[in-house]
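A short reminder: the numbers here are calculations on the coordinates, not readings from a lab. Predicted model, so just to flag it, every value in this text is computed and none were measured. Every residue, glycine among them, receives a Cβ derived from its backbone with ideal geometry; neighbour counts consider all protein chains shown.
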Amino acid sequence: MKLKICGMKYQENMAQVANLKPDYLGFIFYEKSARNFDTTIPKLPKSIKKTGVFVNEPIDSVIDKVNTHKLQAVQLHGKETPEYCKSLQILNIEIIKVFSIKNEFNFEILKPYETVCNYFLFDTKGKLPGGNGYTFDWNVLNNYPSTKPFFLSGGIGLEQVQDIKKFKQSKASKYCYALDVNSKFEIKPGLKDISLLKDFINKLSNNIMNYNVDDKGYYGEFGGAFIPEMLYPNVEELRQNYIKIMAEPDFKKEFDKLLKDYVGRPSPLYFAKRLSEKYNTKVYLKREDLNHTGAHKINNTIGQILMAKRLGKHRIIAETGAGQHGVATATVCALMGLECIVYMGEIDIARQAPNVARMKMLGAKVVPALSGSKTLKDATNEAIRDWINNPVNTHYIIGSAIGPHPYPDMVTRFQAVISEEIKWQLKEQEGRENPDYVVACIGGGSNAAGTYYHYLHEEDVKIIAVEAAGLGVDSGESAATSVLGKEGIIHGCKTLLMQSKDGQITEPYSISAGLDYPGVGPMHAHLCKTGRAEFMAVTDNDAMNAGLDLCKLEGIIPAIESSHALAIFEQKTFKPDDVVVVSLSGRGDKDLNNYIEYFKI
Ligand SMILES: O=C(O)c1ccccc1NCC(=O)[C@H](O)[C@H](O)COP(=O)(O)O
């Protein structure tokens, strides 16, 4: 369920409320209201829809406010007629028509509005046209005859959380799209109480199905921080500060600027015409391969290097599998002039020689991990060992949505720029923000976490996670964690983990160095367990063929990791008008030798 916070008035307060990431922020353009909005709206994250609230305002004036403040929605609280709403449709923004309810409601009134607005909003009838601060009897909505999604509003506060939970289970809630809150969260009219709002959001997400991390670092039963005592101060320092630092305007400004000017964001959302024709559906590719350094990994390393600097750390360590995260880390260390040590499995060093050379050219020291399978998990072990020995000056940049809390959440938030962009890019191209499917490959799961993030609670968007089946799920040479994994602990978090009967970690295998991890990030374990995401497994052979296919059909050489995501079109049939967004997480230059050897090119 989405959240709208209404009645914003004060600039600094708006920025603080925006950090809570509501879906809508409301600005009341009604002079008789104590919350009347008479200033400018600061820059807000694109995911938040700026909503103008009006009461019987002349149409010209509404249009003027929409243009001046770049509003994405209008909420109409007066006696606006269906014709009035219709004339606003040319603005191509969301129209929310409000209806006030006391003890009963004649639903016939809604009929003429069905085609001229996007949402209904049910508020409490009171002395004022809105913001009265008390609830109505939600049972009235049991007779809701429409399929139009609606906002539930009127006096919603902290004490309503249990009622909301009950309401969510009722028939009436089937079309409830969002909650709208206002006066119950105010210090004075228009000034919102941030800690109260935070409390509300936390309570809501703990009571209603939640796919984000909770305040203890868990996604359902997965996650947490299982760390040796020596690491506790480092992890705790990060846990206490990461949200606060990420919310600082200076941090956001620097992060956004580097993503734009250095990484080259936004990455295109490309409609793959010939691929779409082949599979008779609409395929869009999110081109993370076009980022500086050739993959999504840099979104996270830029974020974490800025975080490390804010925490006063000047020595950076990282682990890498395919080499992409190592290159991305070495790159940002060069950019910031910081010492960089990258741990990499000996086998991966051999498989990914060009990336090893890149890291060295960028000034990083590449240290081989010689234990176990000599791949990603062993490199991670070495990095953790280093961090334990150098607790004060070192920041460990984990490259995936794994590790002890807060890493999975922090990495996910840095990668969430992917789905934030998909939303507005798809709106531009398809006229809607939500695709029917989002698809991404999963090793640890950072490109997937970023691709899903803004869709996790959008029930109409289906999530597909693609794992590496290697030589076949049951071949003994696989990395299909969701099928083969059981609950276990790896690298500081509880997750689904491939392990023997006595709990020894099983060596994973995939042709793709970025996917042969024996676990998945805890968020993905939760998505799997709750059924929110469909997990599919793709063999080496199917992935390689899908990769080659993309070269021939679209002129794009994908990383072998991304080829796994592309291979699902051979396994699953989509409808012709389905919009399927696939994360093209990286480019295939680093994999050329593997492609050459595999296809004897
Ligand atoms: O809040 C106002 O002052 C207001 C004035 C005129 C029209 C609408 C107004 N508020 C709209 C809202 O804040 C909400 O949509 C709704 O009325 C719920 O408010 P509350 O009962 O305070 O939670």
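Plainly put, the chain has a radius of gyration that is 0.99 times its Kirkwood radius, both from alpha-carbon atoms, as the Rg/Rh ratio. Counting only other residues whose beta carbon sits under 15 Å from that of Gly220, what net charge do I get with K and R as +1, D and E as -1? My count for the surroundings of Gly220 gives -1. By the beta-carbon count within 10 Å of each Cβ, the least crowded to most crowded order of Lys9, Lys21, fewest first, is Lys21, Lys9. Remark: the Asn202-Glu254 segment gains 15.9 nm on full extension, using 0.36 nm per residue and subtracting the alpha carbon distance. Using Cα atoms only, what is the angle between the long axis of helix 324-336 and the major principal axis of the chain, expressed in degrees (0 to 90) to the nearest 10? Orientation of helix 324-336: about 80 degrees from the principal axis.
Under 5 Å from the amide H of Thr124 lie the amide H atoms of Ile101, Gly154, each residue being 5 or more positions distant or on a separate chain, with H modelled from the backbone and absent for Pro and chain starts.
The amide H of Leu3, built 1.01 Å from its N in the peptide plane, has Asp23, Tyr24, Leu179 as neighbours under 5 Å, considering only residues 5 or more places off or on other chains. Helix 59-69 axis versus longest C-alpha principal axis of the chain: approximately 30°, rounded to the nearest ten. Treating r as the C-beta distance of Ser170 and Phe107 and R0 as 22 Å, the FRET efficiency rounds to 0.85. For Cys551, Cys85, Cys117, the sequence from fewest to most other C-beta atoms within 10 Å is Cys551, Cys85, Cys117. The alpha carbon radius of gyration of region 22-145, expressed as a multiple of 2.2 N^0.38 Å, is 1.06.
Along the axis of the charge dipole computed for the chain (Cβ charges of +1 for Lys and Arg, -1 for Asp and Glu, origin at the Cα centre), the listed residues His296, Ile347, Ile388 are led at the positive end by His296. Straight Cα distances below 19 angstrom link Lys273 to the lysines Lys282, Lys286, Lys427, Lys552, Lys572, Lys575, with same-chain residues fewer than 8 positions distant left out.
Assuming R0 = 45 Å, can you tell me the calculated FRET efficiency for the pair Thr39 and Glu339, based on Cβ-Cβ distance, to the nearest 0.05?
0.45
Angle of helix 540-554 to the longest C-alpha principal axis of the chain, folded into 0 to 90 degrees and rounded to 10: 60°.
Only helices enter the 222 nm calculation for the chain: every DSSP H run of n ≥ 4 contributes -39,500 (n - 2.57), and dividing by all residues gives -10500 deg cm²/dmol, rounded to 500.
Each peptide in 513-519, 413-419, 566-572, 138-144 receives the mean, over its residues, of other Cβ atoms within 10 Å, and ordering these scores from highest gives 513-519, 413-419, 566-572, 138-144.
If R0 equals 45 Å, the separation of the Cβ atoms of Ile194 and Ala350 corresponds to a calculated FRET efficiency of about 0.30. The alpha-carbon of Lys166 sits under 23 angstrom from the alpha-carbons of these lysines, leaving out residues fewer than 8 places away in its chain: Lys2, Lys4, Lys102, Lys125, Lys148, Lys174, Lys184, Lys198, Lys203. Highest mean first, the peptides 476-487, 224-235 sorted by other C-beta atoms within 10 Å per residue fall in the order 476-487, 224-235. Taking amide hydrogens as placed 1.01 Å from N in the peptide plane, the amide H of Thr539 sits under 5 Å from those of Ala469, each at least 5 positions away in sequence or on another chain. Distance from the alpha carbon centroid of region 430-470 to that of region 476-502 works out to 21 angstrom. Straight-distance candidates among the lysines for linking to Lys529, with alpha-carbon spacing under 18 Å and chain neighbours fewer than 8 residues away dropped: Lys462, Lys486, Lys494.
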